[in-house]
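Below you'll find the structure, written out as structure tokens, and then a few comments.
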């Protein structure tokens with residue numbers, strides 16, 4: 001079983017990202033479970049959402065403590081929250097930032113950064129980075145394919161909004177594919 | 001079987017739609033809200049031919065259901081925690097008037113102090129109200145228990161309202177795969193409601209009259225007899241469901257890896273999923289541990305539990321509720337209290353652990369710690385108490 005923890009701020013779509021990644025992974029043939037950290041839903045406050053991926057039905061109901069993967073939607077969170085907490089060697093952290101991240105990275109954890117805010121501003125016209133980071137997650141981890149993410153997006157959104165989000169996901173996917181392969 | 005992935009609350013709303021209630025009345029409250037929001041949409045979209053009665057409180061929501069079922073309609077409601085507490089009076093009336101209903105409880109702690117998080121104190125507090133109570137481990141079971149719930153509640157041997165309890169947030173807000181039966185499949189399993197008595201101007205009857213001391217005791221006897229008959233009706237309905245759809249719910253208690261188990265855990269609801277994972281790990285380490293999960297708490301399956309636990313050396317109960325003041329010098333939850341009653345006369349020690357109240361997370365390690373404590377004879381206590389903040 002693999003586990004993903006998404007860090008974001010209320011309003012950035014962390015819970016939606018967890019749901020869409022779960023839908024895509026399920027379509028890709030995995031058993032999944034996605035859920036939010038319960039109770040904190042204020043806009044701007046630090047929030048978390050989780051996804052479990054498994055070859056078997058997921059029975060475990062505890063929160064995620066030792067994630068294999070972490071997505072950080074807002075690098076300003078790193079000052080307030082230990083986003084790397086519980087990560088093990090071999091883990092992958094995907095962080096939305098323009099600057100390199102060096103401090104606080106546990107031994108053996110691979111950090112991959114992407115400027116998801118700029119991508120989202122250019123494609124959506126809004127600094128909502130969840131769908132960009134989904135694309136980056138797919139490229140960096142291979143846990144979901146780009147195609148299943150597109151299906152999940154089409155299932156959730158319609159019309160122009162779907163197409164814009166697919167473009168956001170695609171750009172981040174392609175950028176991260178190069179980056180993850182190169183570093 | 002075609003699995004789909006969706007949020008637990010949405011799956012419940014979809015299951016309720018397939019049960020074809022003619023009246024839905026509910027008042028939104030966290031973490032039940034997504035269920036009734038979704039149903040309001042389903043009704044507004046014309047996907048369910050029901051009257052959706054919006055009300056100003058849970059008291060009114062359940063009262064509207066009482067009226068609806070009294071006229072012979074199938075009705076539905078959902079609530080949790082303080083909302084269920086506000087329904088207290090109506091709950092007793094509904095069972096006493098023998099009006100069948102299915103109401104979803106997205107289990108949540110009761111205030112004060114205010115908590116929106118999960119435990120099972122809310123439905124447990126209503127265990128004497130005369131309703132049937134079924135507890136789900138996962139969203140698939142939560143969905144299926146709605147179909148089974150209506151079938152049992154409306155059975156003329158029972159005619160009692162039913163709470164389908166699933167853990168708030170932990171299940172209600174979780175996306176996971178569920179197999180949603182088609183409308184045709186549900187129709188084949190769940191026939192339309194045929195009331196035994198109903199309010200009808202052409203054939204007037206009175207319901208909910210007062211009973212003098214000459215009759216009240218007999219009403220209560222009848223009510224209890226209906227609960228007792230429900231033991232077999234739940235088994236039948238669960239067996240029939242299994243025959244049609246492959247998921248058998250005929251057991252009122254589920255035994256997991258109980259063959260040769262020396263220590264048994266007894267619990268209800270979603271904590272049992274984590275417990276099963278913990279048991280697999282402990283079994284791999286050579287520990288003889290099993291789980292007996294109570295699916296049906298009302299009626300209480302005393303004989304089933306006695307049989308399931310006949311050969312164990314010790315029992316650890318995980319109680320996500322507490323009966324404040326019970327147990328003498330040590331704390332006690334409802335599951336342990338009732339289990340001890342069922343096992344009276346046997347010598348198996350039953351140790352109770354008050355756990356996971358108000359949303360405190362439970363990990364695999366916690367279950368292992370409980371088993372180790374039980375083996376050492378250390379129980380009848382709160383688990384995970386943070387003594388530093390007392």
Within region A:27-46, track down each residue that is surrounded by 18 or more Cβ atoms within 10 Å (Cβ to Cβ), more than 9 Å from chain B (Cβ to nearest Cβ) and over 17 Å from residue A:146 (Cβ atoms).
A:37, A:46
All conditions in (1) under 27 Å from residue B:207 (Cα atoms); (2) free of Cβ contacts under 8 Å to residues at least 24 places away in the same chain are true of residue B:92 except (2)
Read through the list (1) in contact (Cβ under 8 Å) with a residue 24 or more places away in the chain; (2) away from every other protein chain (no Cβ under 14 Å); (3) farther than 16 Å from residue B:301 by Cβ, then give the number of the only condition that residue B:237 fails.
(3)
Taking the stated definitions as given, is residue A:54 crowded, with 22+ Cβ neighbours inside 10 Å and touching a strand residue (DSSP E or B) at 6+ places or on another chain (Cβ under 7 Å)?
no
Residues to consider are B:187, B:167, B:179, B:200; find the one that is within 14 Å of chain A (Cβ to nearest Cβ) and either more than 30 Å from residue B:356 (Cα to Cα) or buried (at least 19 other Cβ atoms within 10 Å of the Cβ) (or both).
B:167
Only unsatisfied item for residue B:106, checking (1) in contact with a helix residue (DSSP H, G or I) (Cβ under 6 Å, 6 or more places away or on another chain); (2) buried (at least 24 other Cβ atoms within 10 Å of the Cβ); (3) under 29 Å from residue B:192 (Cβ atoms), is (1)
Among the candidates A:136, A:140, A:120, A:132, residue that is in a helix (DSSP H, G or I) and out of contact with any strand residue (DSSP E or B) (no Cβ under 8 Å at 6 or more places or on another chain):
A:120
Restricting attention to region B:262-276, which residues are closer than 24 Å to residue B:170 by Cβ, assigned to a strand (DSSP E or B) and touching a helix residue (DSSP H, G or I) at 6+ places or on another chain (Cβ under 7 Å)?
B:265, B:266, B:267
Taking the residues in region A:57-75 that are in contact with a strand residue (DSSP E or B) (Cβ under 6 Å, 6 or more places away or on another chain) and within 15 Å of residue A:109 (Cβ to Cβ) as candidates, determine which candidate is farthest from the other protein chains (Cβ to nearest Cβ).
A:72
Candidate set from region B:313-324 (those that are surrounded by fewer than 21 Cβ atoms within 10 Å (Cβ to Cβ) and more than 30 Å from residue A:39 (Cα to Cα)); member that is farthest from the other protein chains (Cβ to nearest Cβ)
B:313
Please enumerate the residues belonging to region B:114-128 that are surrounded by fewer than 20 Cβ atoms within 10 Å (Cβ to Cβ), touching a residue at least 12 places away in the same chain (Cβ under 8 Å) and over 25 Å from residue B:37 (Cα atoms).
B:125, B:127
In region B:357-377, the residues that are touching a helix residue (DSSP H, G or I) at 6+ places or on another chain (Cβ under 6 Å) and under 29 Å from residue B:30 (Cβ atoms)
B:362, B:364, B:367
Which condition does residue B:380 not pass, out of (1) closer than 21 Å to residue B:258 by Cβ; (2) touching a helix residue (DSSP H, G or I) at 6+ places or on another chain (Cβ under 9 Å), if it passes all the others?
(1)
Residues that are within 14 Å of residue A:153 (Cα to Cα) and in contact (Cβ under 8 Å) with a residue 12 or more places away in the chain: does region A:33-41 have at least one?
no
By residue number, the members of region A:90-106 that are loosely packed, with under 12 Cβ neighbours inside 10 Å and either modelled with pLDDT of 95 or more or not in a loop (DSSP other than H, G, I, E, B) (or both) are A:90
Going by the conditions given, is residue B:226 in a helix (DSSP H, G or I), away from chain A (no Cβ under 14 Å) and in contact with a strand residue (DSSP E or B) (Cβ under 6 Å, 6 or more places away or on another chain)?
no
Give A:49, A:24, A:17 a once-over and let me know the one that is touching a helix residue (DSSP H, G or I) at 6+ places or on another chain (Cβ under 6 Å), part of a strand (DSSP E or B) and either within 9 Å of chain B (Cβ to nearest Cβ) or modelled with pLDDT of 90 or more (or both).
A:49
Among the residues of region B:361-390, how many are surrounded by fewer than 18 Cβ atoms within 10 Å (Cβ to Cβ), within 24 Å of residue B:110 (Cα to Cα) and within 14 Å of chain A (Cβ to nearest Cβ)?
3
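The values are calculated or read from the model by the stated rules, or taken from the named source; none is laboratory data. Being a predicted model, the structure only gives us computed values, none of them experimental. Heads up, the Cβs are rebuilt from the backbone with ideal geometry, glycines too, and the neighbour counts pull from every protein chain shown.
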